[in-house]
Every structure is written in C-alpha cells, then in structure tokens.
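A short reminder: the numbers here are calculations on the coordinates, not readings from a lab. Given the structure is predicted, the values throughout are model-derived calculations rather than measurements. In this analysis, Cβ positions are derived from the backbone assuming ideal geometry, glycine residues included, and neighbour counts consider all displayed protein chains.
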Amino acid sequence: MSTLANGIRHLPDYLDRAAQEHLVELIRGIVAEAPLYVPEMPGTGKPMSVRMTNCGPLGWVTDKEKGYRYQSFHPVTKKPWPAMPQELTDLWERLAGHPKPPEACLINFYSDDAKMGLHQDRDETDLSAPVLSISLGDSCLFRVGGLNRKEPTGSFRLSSGDIVILGGEGRLAFHGIDRIYPGTSTLLRNGGRINLTLRRVNS
Ligand code: MD6
Ligand code: FE
C-alpha cells in the first residue's frame, strides 16, 4: 500500500485473479440489464470516449442538456439501476472507513484509445466519504495532482486488481486517465479496461 502526498491511497494487486473474474461476471450481468451508454460533456454535448453505466440506488450520468448529476434510473432505458452487488458493499466496508454504505457504483469501460481528462469528483453532497476505485483488465496511466487544476501532477500505472482511494485531503484532488496500455491483461476476453468507482452521494 502506498499513501501519496495528499492522502491518496494506492493498493496494488488488492484483488486476486479469482476475485477479479468474479467481479467481471457480476459486471456482465449488470451491463445486460443496464447497457453501456455514451456520456456527453455538459453544454457542448461532445461525446466522452469512455462508455458508462451504473449500479446501486443512484448512478452518475452526464449529458449535453442537464450536465453532471446523480439519478436513480438509466438515461436510455429509464429503468432503475441494477442493485449494488454485496461484494462491492463488502469491499467498501473493509476499506472506506465510512459508516454509511455506498449509494452509487459508476462503471467505466475504456476501449484501447479511450481516456479521461483531468477532473475532480465533486457531484456528491457528502464529501466526507471517500471515492473507492477498482481497476480491471488492461493497465492504464493514472494522473493525479492537487486541489487546483494548475498544480503539478504525477502519474503512475494502475493494473488489474488495483484499488485507489481518494479520501481525506485527497478527496478533491484532480485526476484522470492519460492512456490505456492495450494487451496488458488477459482478464477481459475482448481487451479494454473497466473501472468501478464506489461513491456515497448523500450525507
Ligand atoms: C479511472 N478514475 O480509473 C478513473 N475517481 O478510470 C476516477 O476517475 C476516479 O480512480 C475518483 C476516485 C478514484 C478514481
Ligand atoms: Fe474520478
């Protein structure tokens, strides 16, 4: 485990192969009910390169008209998000150090050329809870900076089974995904990377 400057935790190889395979099976079930959709940037409507879905009582969504928000239903099917698997709630209980359970799990899927720009996760009302992230599939380059977009950033590789926790001082740190390294994992049959982020939204 490494604790970075601002209290961001990186737990390399936290999940073993069997646990990773089990999570992928659960995600396949969720995506069958709540298909991956293409999120849009607020205002411009520019499509993001990452495809998304969610599970849990709430899901994080974004589109041109209404922007970033949490809502209880899938933006395309309008159906409630699938339930949060107990396995994810258990991980949260073990690692988050927060008394209330997670309300949202955002599921991001990256194809070989997808990336995610530098951002803060700040759409949650309860910023005392951390955001817990799980990486599955191909490795990526994770970039993290400070609380101001202009502060210097550093980067490190995230591999399948790694967990990152943004909590405490690092809760609002800017971060993003510079690139995926295609072909670095055999976990996903068709390649790519999945990132799960567990969030507490309401106080
Ligand atoms: C990703 N992760 O790993 C993007 N957010 O694909 C995030 O945006 C993130 O890793 C909040 C906390 C941890 C994260
Ligand atoms: Fe984030």
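In the set (1) closer than 24 Å to Phe142 by Cα; (2) assigned to a loop (DSSP other than H, G, I, E, B); (3) of a type outside the set (Ser, Thr, Tyr), the condition left unmet by Lys78 is number (1).
Being over 20 Å from Val31 (Cα atoms), among the basic types (Lys, Arg) and out of contact with any Lys or Arg (no Cβ under 8 Å at 6 or more places or on another chain) is a condition met by at least one residue of segment 76-95.
Val38 fulfils the conditions (1) surrounded by 14 or more Cβ atoms within 10 Å (Cβ to Cβ); (2) without any contact (Cβ under 8 Å) to a residue 24 or more places away in the chain; (3) of a type in the set (A, V, I, L, M, F, W, C) except for a single criterion, (1).
Beta carbons closer than 8 Å, at least 6 apart along the sequence or on distinct chains, pair a first residue in segment 102-127 that is farther than 18 Å from Leu91 by Cβ and among the hydrophobic types (A, V, I, L, M, F, W, C) with a second that is assigned to a loop (DSSP other than H, G, I, E, B) and away from ligand 1 (no atom under 12 Å from the Cβ) for Phe109/Leu36; Leu118/Gly145; Leu118/Arg149; Leu118/Thr153. Restricting Glu33, Glu87, Glu65 to residues that are loosely packed, with under 14 Cβ neighbours inside 10 Å and touching a residue at least 40 places away in the same chain (Cβ under 8 Å) narrows the list to Glu87.
The set of residues in segment 116-146 that are within 9 Å of ligand 1 (Cβ to nearest atom) and over 17 Å from Tyr68 (Cβ atoms) comprises Pro130, Leu132, Ser133, Ile134, Ser135, Cys140, Phe142, Val144.
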